[in-house]
1. Return yes or no: is TRP216 of a type in the set (A, V, I, L, M, F, W, C), open to solvent by 20 Å² or more (accessible area, probe 1.4 Å) and under 20 Å from LEU97 (Cβ atoms)?
2. So which residues in the range 147-178 are assigned to a helix (DSSP H, G or I), of a type outside the set (Ser, Thr, Tyr) and farther than 11 Å from VAL11 by Cβ, if there are any at all?
3. Any idea which of (1) closer than 23 Å to VAL96 by Cα; (2) in contact with a Ser or Thr (Cβ under 6 Å, 6 or more places away or on another chain) is the one ARG165 doesn't satisfy?
4. Can you name the condition, by its number, that ALA222 falls short on among (1) in contact (Cβ under 8 Å) with a residue 60 or more places away in the chain; (2) under 21 Å from ALA103 (Cα atoms)?
5. Only residues that are outside any loop (DSSP other than H, G, I, E, B) and among the acidic types (Asp, Glu): list them for the range 179-208, please.
6. Which one of these is in contact with a helix residue (DSSP H, G or I) (Cβ under 8 Å, 6 or more places away or on another chain) and more than 27 Å from ASP181 (Cα to Cα): LEU27, LEU20?
7. Among (1) more than 19 Å from MET184 (Cβ to Cβ); (2) surrounded by 23 or more Cβ atoms within 10 Å (Cβ to Cβ), where does TYR111 come up short?
8. TRP195 - would you say it is open to solvent by 30 Å² or more (accessible area, probe 1.4 Å), of a type outside the set (Ser, Thr, Tyr), within 16 Å of the chain's Cα centre (by Cα) and on the phi < 0 side of the Ramachandran plot?
Amino acid sequence: MPSLSVDPTTVWIFDLDNTLYPAKSNLFAKVSRRMTSFIMDRFDLEQEDARTLQRRLFREYGTTLRGLMDEHGVDPVIFLDHVHDIDLSDLSPAPVLDRAIRALPGRKLIYTNGSVPHAERITEKLGIAGHFEAVFDIVAADFVPKPDPKPYDVMLAKHGVDPARAIMIEDSAANLRPAADLGMTTVWLKSDIDWAKPKDGADDHIHHTVEDLAEWLDRLVA
């Protein structure tokens, strides 16, 4: 199992949703409901039928957006603007996470299937926005979502990242497989969500598992 190299040459790659903020915040549930409402309006569907389509596209394409683009020609910018227009009042500043990420040596990036504006709103609300040099989002990935391996290569090349010096942190176990294959050290933020867990016990690509990101990082830099 690769050890964690915590020094100025380390590149920390953080997922956004359900990772930098806890899943219990239910922000992603709000995004999901906005996706459902978009599909209802676009295809004149009842809520349950819209949710059925939403879930199928997510399973088959990695994101609902990719499925809507490929099957129905949906404009991704219009979709992203709609689904990320959520209320953040339930999200509180995260002083422990702020302190820990600030103290981490090395570079820090965000890699998300969401958008840059969504990431900026979230990190501003958490009080951690100033710690990241860049956000590699679904637009930069040409709307190809994790865990498709192609955008991982694009992200590494765009930001000059040596995968052997990179640590990727994700709540979705599947999204860590391409990272491990490229030689990154992987950290799974343990999730109770079924689709985020390792499939069929296949977890050889997960090098470290943590329960609470802020507490773990705080201990790591203490």
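The values are calculated or read from the model by the stated rules, or taken from the named source; none is laboratory data. Since the structure is predicted, the reported quantities are computational estimates derived from the model, not experimental observations. Backbone-built Cβ (ideal geometry, glycine too); neighbour counts: all protein chains shown. We work out accessible area using only protein heavy atoms, side chains counted, and drop any ligands, DNA or RNA first. Shrake-Rupley method; radii C 1.70, N 1.55, O 1.52, S 1.80 Å.
1. In short, yes.
2. Once the filter is applied, which keeps residues that are assigned to a helix (DSSP H, G or I), of a type outside the set (Ser, Thr, Tyr) and farther than 11 Å from VAL11 by Cβ, the range 147-178 yields LYS150, PRO151, ASP153, VAL154, ALA157, LYS158, ALA173, ALA174, ASN175, LEU176, ARG177, PRO178.
3. All conditions pass for ARG165, except number (1).
4. Answer for ALA222: the failing condition is (1).
5. Hits for the range 179-208 are ASP181, ASP194, ASP200.
6. LEU27
7. Against the list (1) more than 19 Å from MET184 (Cβ to Cβ); (2) surrounded by 23 or more Cβ atoms within 10 Å (Cβ to Cβ), TYR111 comes up short only on (1).
8. yes
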